[in-house]
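Take a look at the structure below.
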Amino acid sequence: MATIVKRISVRASAPAVWDAVRDIGALHTRLVPGFVIDTRLEPGARLVTFANGATIREPIVALDEAERRLVWTAQGGQTRHYNASAQVFAEGDGAVIVWTVDFLPDEAREAIDAAMTAGAAAMKAALPRH
């Protein structure tokens, strides 16, 4: 199983960043606008439409307020297993988001890494506004 970890440092405060991460229906407006173009909620999950037109169902596994940690999985797309988490930590005057994805098959690494890099750039652009 492959793992990719991105550490995204932002100038926004950890509480403001966590507020955007935990707002699971607002990926397209608060957390990664441009990378995600629509997010629709359904019981226990969100339907995420990416800028490339792909729509993926993401069941929410856990939302831990105390640890500022969100965990989700993905159904659809190029993987047969996908589990992700985003955890927010205070760092100086700002925050860092640790975004971890575990997936199969390993051959999806290049595409997932490219998508996570684009998502991280969208976060860095969006979050200083908070």
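All of the numbers you see were taken from the coordinates with simple rules; none came from a lab. All values reported here derive from a predicted model rather than from experimental measurement. For neighbour counting, all protein chains shown are included, and Cβ atoms are generated from backbone atoms with ideal geometry for every residue, glycine included.
Some values worked out for this structure:
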item: Selection within segment 74-86 - more than 24 Å from residue 127 (Cβ to Cβ) and either surrounded by fewer than 17 Cβ atoms within 10 Å (Cβ to Cβ) or in contact with a Ser or Thr (Cβ under 7 Å, 6 or more places away or on another chain) (or both); result: 75, 76, 78, 80, 81
item: Selected residue (only one of 89, 50 is crowded, with 18+ Cβ neighbours inside 10 Å and over 11 Å from the mean Cα position of the chain (by Cα)); result: 50
item: Tabulated pairs, segment 73-88, first in contact (Cβ under 8 Å) with a residue 40 or more places away in the chain, second in a strand (DSSP E or B) and charged (D, E, K, R), C-beta under 9 angstrom, 6+ apart or interchain; result: 81/102; 86/69; 88/69
item: Residue tally, condition more than 18 Å from residue 33 (Cβ to Cβ), part of a strand (DSSP E or B) and in contact with a strand residue (DSSP E or B) (Cβ under 6 Å, 6 or more places away or on another chain), over segment 49-69; result: 7
item: Subset of segment 18-38 that is β-branched (Val, Ile, Thr) and over 12 Å from the mean Cα position of the chain (by Cα) - its residue that is surrounded by the most Cβ atoms within 10 Å (Cβ to Cβ); result: 37
item: Residue list for segment 100-123, filter: in a helix (DSSP H, G or I), surrounded by fewer than 16 Cβ atoms within 10 Å (Cβ to Cβ) and of a type outside the set (A, V, I, L, M); result: 106, 107, 109, 110, 113, 117
item: Test: residue 128 is in contact (Cβ under 8 Å) with a residue 60 or more places away in the chain and touching a helix residue (DSSP H, G or I) at 6+ places or on another chain (Cβ under 8 Å); result: no
item: Residue, farthest from residue 51 (Cα to Cα), within segment 3-17, restricted to residues that are surrounded by fewer than 18 Cβ atoms within 10 Å (Cβ to Cβ) and touching a helix residue (DSSP H, G or I) at 6+ places or on another chain (Cβ under 7 Å); result: 11
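Yes/no matrix, rows are residues, columns are (1) under 15 Å from residue 74 (Cα atoms); (2) part of a loop (DSSP other than H, G, I, E, B); (3) hydroxyl-bearing (Ser, Thr, Tyr):
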{"position": "9", "(1), (2), (3)": "no, no, yes"}
{"position": "21", "(1), (2), (3)": "no, no, no"}
{"position": "28", "(1), (2), (3)": "no, no, no"}
{"position": "41", "(1), (2), (3)": "yes, no, no"}
{"position": "47", "(1), (2), (3)": "yes, no, no"}
